[in-house]
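Below: one structure, written as structure tokens.
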Amino acid sequence: MSGAVREAPVFRVEGLTRSYRVGDADVRALAGVDLEIGSGELVVVAGPSGSGKSTLLHLLGALDAPDAGRVFVEGRDLATLGERQRTLLRRRRLGFVFQAFHLVPVLDALENVEYPLVIDGVPRAERRARAAAALDSVGLGERMSHRPDRLSGGERQRVAIARALVHRPRAVLADEPTGNLDSGNALRVFELLAALGREHGATVVVSTHDPELVARAPRVVTLRDGRVARDERRPEAVS
Amino acid sequence: MSPLEIARLALRNLARNRRRTALSLAVVAAGTAALVVTAGFVRFSFDGLRAAMIHGGLGHLEIADAAAAAARGAALDRPASPALADWREVRRALEALPHVTAVGANLHLMGLAQSADGRSVSFVGVGAEPDRERRMGFEVRLREGSDLPAAAPAPGADAALLARGLAESLGVRAGEVVTLVATTPEGTLNALDVTVAGVVTTGVAELDTRFLKLPLASAQRLAQTDSVSNLLVGLDDTRATGAALAAARAALAGRAAPLAVTPWSERAPFYGQVRDLYLGIFVFLGTIVVVLVVLAASNTLVMSIMERVREIGTLRAIGTGRGQIAALLVAEAAWLGALGALAGAALGLGAVLGLNAAGLRMPPPPGAVDPIDLRLALVPEAFAGGALLMILVLVLAALLPAARAARLAIVDALGHV
């Protein structure tokens, strides 16, 4: 037996099920998912619409609670955390990127990226510097004072990526981050996520149904009808 | 997130929908201005009524024989018996007190006035000292003729001021002679011919039908007494009434025949009634303003939250606490209240100055004779109170929607269309 302490996976889920009520019918989004995602991994969650990709990311990100099963983030069972602890987990340990960017329209790019540090009480000088560096890293150093309505879709998503990484999270959850982008921008955003994840040592989980992105992922978890249909590791993938 | 950060972000959020924010600000501003203007009107009315009471015949303090004072009512037209014999000594003691401008003696009379052509009308009269009343700031509202002479008239040269209604009933004008008949303290009748020096108004329609004023010396001749009914004390500042009351009571304590020292407010129940009525109207109007502002502001706040459900979901997703979300939304409401109140204060100030400059007049109030100037006082506490009230009202209106927004399920909020 080895004496070394094995590092807990960043995410581990067991028997995860989640249903939603739509009209009079119960729609089962997840029907018993078991999964482990390790530190620094880049994982693409693939599958057709309605396969449960977003639901899985919501549960991993402590945005929602499962009907049954358990979610562990860095070894901590989310069911044991209170509302405030879940909020702090999202604020400090996780980063989120959404399909519709969800930037705050009244804040400029720098202020949007700075926001996670503002709510965490980071001193102004430090957070300004960190936000500026994060924007630099996504190639938007020249667009810091632009508000979202003056940025293109690709630029907005790069701001959202900078916002997701500025507080140096342990993992980034990106739910269809390229869904609103053209193929050129989609690829650039995906590669940026992958590169920055590597650079920060962050685990990156991306949901998508874009075959081009799936082809570039070193690990692809394919969901079908709320179950893991395939969990494929491909060390040769370009990202 | 520090309160400063929350305030800063909240202010930015108000700029999202400028038209709606401007509309809300206009409602709050109009409400604040309405409060400021109404408070100015009410304050001016109080001040005017108080001054009219004090300088129209009550003085700031009344000194009367305690037993006589207890036996009569407070009103001007209910004569007190001439029970104050050593009034000159009492006056000397009082005129030495701080804030006292003068102390005037009054002798109250009731009787019958008769004109040369035989018309008789009952009167209530007061014998007074015109020189001292002038020093006390008493007003004589002459409609005809002239005021009473400052010096006490010699026997046979008695004069009187008749209130307008009484002069009309008797059919006399300034310069004509009327005969006054009154009972003496001993119960006998005495008569005195007086020349009508002038026709006045008391400002109160009912009293104008019966009132006359004559010099104290003439009144004493008619009543055949050297005593007076009471002494009226005038002060240089109405705010000193409390201190002067205490000083007068201390100065007059220990007399064999105790004296009652009564402040003007206790002798003017009408003032209290009017004040209560006006305050009631002010509170009623304030309640309407608050309800309107709450309704308008609630609508704005709820709309503003409904439009931002996805954003609120995003902010919650990336780690904003429920308390931070609620604080942000409440801060937006507080900004609306503060900025609206600031605009309302400026609007109210402009309205007060503008209306005062316009020199408008209002019809006589019930029971009064003359129209009154529409003037508004600047009431600093109305500006401050109005502003605080608006902020408080907006914050209270925001509490429920803010709490609801903070408790939105994140996933539902993110998927909100």
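Some values worked out for this structure:
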{"quantity": "Antiparallel %, DSSP beta bridges [both residues in chain A], to 5", "calculated": "55 percent"}
{"quantity": "Among A:Gly38, B:Gly319, B:His99 the positive-end extreme of the charge dipole of the protein assembly as shown (Cβ point charges)", "calculated": "A:Gly38"}
{"quantity": "Per residue accessible area of the protein assembly as shown, 1.4 Å probe, in Å²", "calculated": "44 Å²"}
{"quantity": "Rounded to 10°, Cα long-axis angle of helix B:380-406 versus longest principal axis of chain B", "calculated": "30 degrees"}
{"quantity": "1.4 Å probe, heavy atoms, protein only - residues of the range B:301-326 losing at least 10 Å² accessible area vs chain alone", "calculated": "B:Arg310, B:Glu311, B:Thr314, B:Leu315, B:Arg316, B:Ala317, B:Ile318, B:Gly319, B:Thr320, B:Gly321, B:Arg322, B:Gln324"}
{"quantity": "Proportion of all alpha-carbon pairs of the protein assembly as shown beyond 34 Å (%)", "calculated": "62 percent"}
{"quantity": "Average Cα contact separation per residue, chain B, under 8 Å, 6 or more apart, as relative contact order %", "calculated": "27 percent"}
{"quantity": "Positive-end extreme of charge dipole, the protein assembly as shown - chosen from B:Ala246, B:Ala331, A:Pro148 (charges on Cβ)", "calculated": "A:Pro148"}
{"quantity": "Expected 222 nm ellipticity per residue - DSSP helices of 4 or more, -39500 (n - 2.57), all of chain B, to 500", "calculated": "-17000 deg cm²/dmol"}
{"quantity": "Rounded to the nearest 10 Å², the accessible area of A:Arg28 at probe 1.4 Å", "calculated": "140 Å²"}
{"quantity": "Peptide-level mean, for A:104-112, of C-beta atoms on other protein chains within 10 Å", "calculated": "3"}
{"quantity": "In sequence order, calculated HN-Hα J values of the range A:57-74 (Karplus, 6.51, -1.76, 1.60; Hz; x Gly/Pro)", "calculated": "5, 4, 6, 4, x, 6, 8, 8, 10, x, 6, 8, x, 10, 10, 10, 10, 6"}
{"quantity": "Accessible area in the full protein assembly, largest first, 1.4 Å probe, for B:Phe41, A:Phe98", "calculated": "B:Phe41, A:Phe98"}
{"quantity": "Using a Förster distance of 30 Å, the FRET efficiency for B:Val294-A:Glu83 (Cβ separation, nearest 0.05)", "calculated": "0.50"}
{"quantity": "At least 40 Å² accessible surface lost relative to isolated chain, residues of the range A:62-88 (1.4 Å probe)", "calculated": "A:Leu63, A:Glu83"}
{"quantity": "Carbon plus sulfur fraction of accessible area for the range B:75-236, probe 1.4 Å, in percent", "calculated": "52 percent"}
{"quantity": "Heavy-atom accessible surface that A and B bury in contact, both chains counted, 1.4 Å, Å² to 100", "calculated": "2200 Å²"}
{"quantity": "Cβ-placed point charges (K, R +1; D, E -1), dipole of the protein assembly as shown about Cα centre in debye, nearest 20", "calculated": "2200 debye"}
{"quantity": "Ranked order, B:Ser265, B:Ser218 - accessible area, probe 1.4 Å, largest first", "calculated": "B:Ser265, B:Ser218"}
{"quantity": "In Hz, Karplus ³J(HN,Hα) per residue of the range A:105-112 (6.51, -1.76, 1.60; θ = phi - 60°; x = Gly, Pro)", "calculated": "x, 8, 9, 7, 4, 4, 5, 4"}
{"quantity": "Solvent-accessible area, 1.4 Å probe, carbon plus sulfur percent, for the range A:1-146", "calculated": "50 percent"}
{"quantity": "Charge dipole of the range B:1-101 about the Cα centre (unit charges at C-beta), most positive-ward option of B:Ala71, B:Gly40, B:Leu61", "calculated": "B:Gly40"}
{"quantity": "Cα gyration tensor category, rounded, prolate or oblate, for the range A:5-134 with a/c compared to 1.5", "calculated": "prolate"}
{"quantity": "Within chain B: Cβ-based charge dipole about Cα centre, in debye rounded to nearest 20 (Lys, Arg +1; Asp, Glu -1)", "calculated": "2140 debye"}
{"quantity": "Rounded to the nearest 20 debye, dipole of the range B:75-236 from Cβ charges on Lys, Arg, Asp, Glu", "calculated": "100 debye"}
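The values are calculated or read from the model by the stated rules, or taken from the named source; none is laboratory data. No experiment lies behind these values; they were computed from the predicted model shown. Positions of Cβ are generated from backbone atoms using ideal geometry, with glycine treated the same way; all protein chains shown enter the neighbour counts. Protein only, heavy atoms only, side chains kept; ligands, DNA and RNA dropped before computing areas. Shrake-Rupley method; radii C 1.70, N 1.55, O 1.52, S 1.80 Å.
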